[in-house]
Amino acid sequence: MVLSPSAHMDTFTRDNLPPANQWPVLEFTLAELQYPEQLNAATSLITDGVRTFGNDRPALHTPDGESWSYGQLHQRANQVAQVLTEDLGVVPGNRVLLRGPNNPWLVAAWLGVLKAGAVVVTTMPVLRSSELRAICTATRPTVALTDHRFADGVAEALEDVAVLIYGSDDAGDLTVQCGQKSGTFKDVATAADDVALLGPTSGTTGVPKITMHFHRDILANADTFARHILKPTAADVFAGSPPLAFTFGLGGLVVFPLRFGASALLTERATPVELARQSAAAGATVLFTAPTAYRAILKEGEAALLKGLRLAISAGEHLPKETWEAVYEASGLRLINGIGSTEMLHVFISAAEGDIRTGATGLAVPGFRATVLDEDGSEAAANQPGRLAVIGPTGCRYLKDDRQLNYVQGGWNLTGDTFMRDEDGYFHYVARLDDLIISSGYNIGAAEVEEAINQHPEVVESAVVGRPDSERGNIICAFVVLRQGVEASAAKRKEIQDFVKANIAPYKYPRDVRFVSAVPRNPSGKLQHFVLRAELERERVQESAATERTQVAVSVG
């Protein structure tokens, strides 16, 4: 892999790319993916955006009525870049950590870091000190920009890192310092393959990895999924629930709207129904959120709030066929399903409009190709489950991590998902590889059982894992959240079990049903099955220890 001459004075990211022989195959099969050797993503998104769409075009909105134009966003991004370079000594290639909820200043900071030729390290504001410290140990930032409401403990967690808050009235606040700058800045002419973004994975399987993305990667997802599936116009208003610290949110709420002259509604925190209300009030036309949120909106009887949307995108977790049909029946919206990953930056399999088939995730997005591999690494036959494998203009590059060898094999990106591909080339989700449960010789996908349980009218949501069992290998264990006011009882447990038996093969029903107030999710909304598996393992160890104590007591007696 031959890389372009880098603009980075600090060569940390390029020095820590995986060896070339561990990279996936990269393909640039569309005309719009032929990027120049020198490319700064922020230049393309906002500097060129102002030239193309004008200073006064709306760019960012908030639920409380604040609105920034393209010109205002450009000026503030330039001011951030000035503060970083003139006051904090940031040079191209330095890492700058961002910590804050979705709001306009976070977007300005993100763009300003890229304009300065530095590398963004995206983090969630809810991360604890130990989690921040682990990310900083891996990425070695020189500066951290944090929302003042999430500054507690940051300085202690980030030793030798300059911490600058924003959003307060403090004299040293980033926003105050920006007000003292001219707002004129010459963007650094980075290479298209200079690293622009270090994104921690969401940690659904435990320890996060640090993904590495080039400047051209940031534009590639806009020029594939957004351009060909969403087909945005300058009149669109994007809205959604995912944090900008996750690439699903970054694409849907920053990169896609700016690439096409549209605008975005940024909500710091909202329930699904609150998000739907705020989106409707702002005139949103494109909504990004998870299937769980769409179900919650429907169960609260608020489907009418969705009717003003042009497009509704579902991602982050499997979209059940029943949820798709319920949304369509209630609102007339044909949910756009999709699967993506932090490693690939955004969605690479999807379908829209007449290409949608209920129950299927979709087809490979233009610019990508995908297949299903069997255990031997060969292409699986139609309708046979196997490992989803993807190649496109983006691909997995972990920052100094041996797990690169697990994700990239034979040039393919292996996403960790089990899929089937039908005779027409449509991809159908089966399960995460680590969520397949083998019980009495049957392979059972956790997602299928969750889907069946969630159709029960008194169930809000559920999470399913395998619980080790001496006779069956594993049994299906379901953690179930009931609707408010519904009593958790043995009768309700049996009712849910019978409901599942009536809707899917009886051997897939949950023999162990546990009622809980909530199921574990990461900040992007993805179910964390590994947390539940760890809980069951602790339970097993405790039971084993108690049995041994009993046996010893009997022996002594």
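The values are calculated or read from the model by the stated rules, or taken from the named source; none is laboratory data. Quick caveat: nothing in here was measured; it's all calculated off a predicted structure. As a convention, Cβ positions derive from the backbone with ideal geometry for all residues, glycine included, and neighbour counts pool all protein chains shown.
For segment 406-421, taking the residues that are over 23 Å from residue 28 (Cα atoms) and out of contact with any Gly (no Cβ under 9 Å at 6 or more places or on another chain), the one that is surrounded by the fewest Cβ atoms within 10 Å (Cβ to Cβ) is identified as 416.
Tallying residues that are part of a loop (DSSP other than H, G, I, E, B) and surrounded by fewer than 16 Cβ atoms within 10 Å (Cβ to Cβ) within segment 5-26 yields 5.
What number goes with the only condition from (1) out of contact with any His (no Cβ under 9 Å at 6 or more places or on another chain); (2) surrounded by 19 or more Cβ atoms within 10 Å (Cβ to Cβ); (3) β-branched (Val, Ile, Thr) that residue 365 does not pass? Against the list (1) out of contact with any His (no Cβ under 9 Å at 6 or more places or on another chain); (2) surrounded by 19 or more Cβ atoms within 10 Å (Cβ to Cβ); (3) β-branched (Val, Ile, Thr), residue 365 comes up short only on (1). When residue 187 is tested against (1) under 21 Å from residue 114 (Cα atoms); (2) touching a strand residue (DSSP E or B) at 6+ places or on another chain (Cβ under 9 Å); (3) buried (at least 19 other Cβ atoms within 10 Å of the Cβ), exactly one condition is not met: (2). Filtering segment 277-296 to residues that are modelled with pLDDT under 95 and either out of contact with any Gly (no Cβ under 8 Å at 6 or more places or on another chain) or in a helix (DSSP H, G or I) (or both) leaves 291, 292, 293, 294, 295, 296. Pairs meeting the criteria (first residue in segment 372-391 and within 24 Å of residue 27 (Cα to Cα), second residue among the basic types (Lys, Arg), beta carbons under 6 Å, at least 6 apart or on different chains) are 372/421; 373/387; 391/369.
Taking segment 138-164 as the range and being in contact with a Cys (Cβ under 9 Å, 6 or more places away or on another chain), surrounded by 18 or more Cβ atoms within 10 Å (Cβ to Cβ) and over 20 Å from residue 117 (Cα atoms) as the test, the residues that pass are 157, 158. Flag not set for residue 353, criterion: under 25 Å from residue 243 (Cβ atoms) and either surrounded by fewer than 18 Cβ atoms within 10 Å (Cβ to Cβ) or at pLDDT below 95 (or both).
If we scan segment 325-338, do we find a residue that is surrounded by 23 or more Cβ atoms within 10 Å (Cβ to Cβ) and over 17 Å from residue 365 (Cα atoms)? Yes, segment 325-338 contains a residue that is surrounded by 23 or more Cβ atoms within 10 Å (Cβ to Cβ) and over 17 Å from residue 365 (Cα atoms).
Restricting attention to segment 206-220 and to residues that are in a loop (DSSP other than H, G, I, E, B) and under 14 Å from the mean Cα position of the chain (by Cα), the residue that is modelled with the highest pLDDT turns out to be 209. Summed over segment 263-276, residues that are hydrophobic (A, V, I, L, M, F, W, C), in a helix (DSSP H, G or I) and surrounded by fewer than 19 Cβ atoms within 10 Å (Cβ to Cβ) total 1. Only residues that are crowded, with 24+ Cβ neighbours inside 10 Å and among the β-branched types (Val, Ile, Thr) were counted across segment 212-250, and they come to 3. Give me the pairs: first residue in segment 484-498 and in the same structural domain as residue 457 (by TED's automatic domain parsing), second residue surrounded by 15 or more Cβ atoms within 10 Å (Cβ to Cβ) and in a helix (DSSP H, G or I), beta-carbon distance under 8 Å, and six or more apart or on different chains, which are they? Close Cβ pairs satisfying both conditions: 486/492; 496/453.
Flag set for residue 199, criterion: at pLDDT below 95, outside any loop (DSSP other than H, G, I, E, B) and at negative phi.
Quick grid of which residues meet (1) touching a residue at least 40 places away in the same chain (Cβ under 8 Å); (2) in contact with a strand residue (DSSP E or B) (Cβ under 8 Å, 6 or more places away or on another chain):
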position: 91; (1), (2): yes, no
position: 95; (1), (2): yes, yes
position: 104; (1), (2): yes, yes
position: 114; (1), (2): yes, yes
position: 132; (1), (2): no, yes
position: 139; (1), (2): yes, yes
position: 145; (1), (2): yes, yes
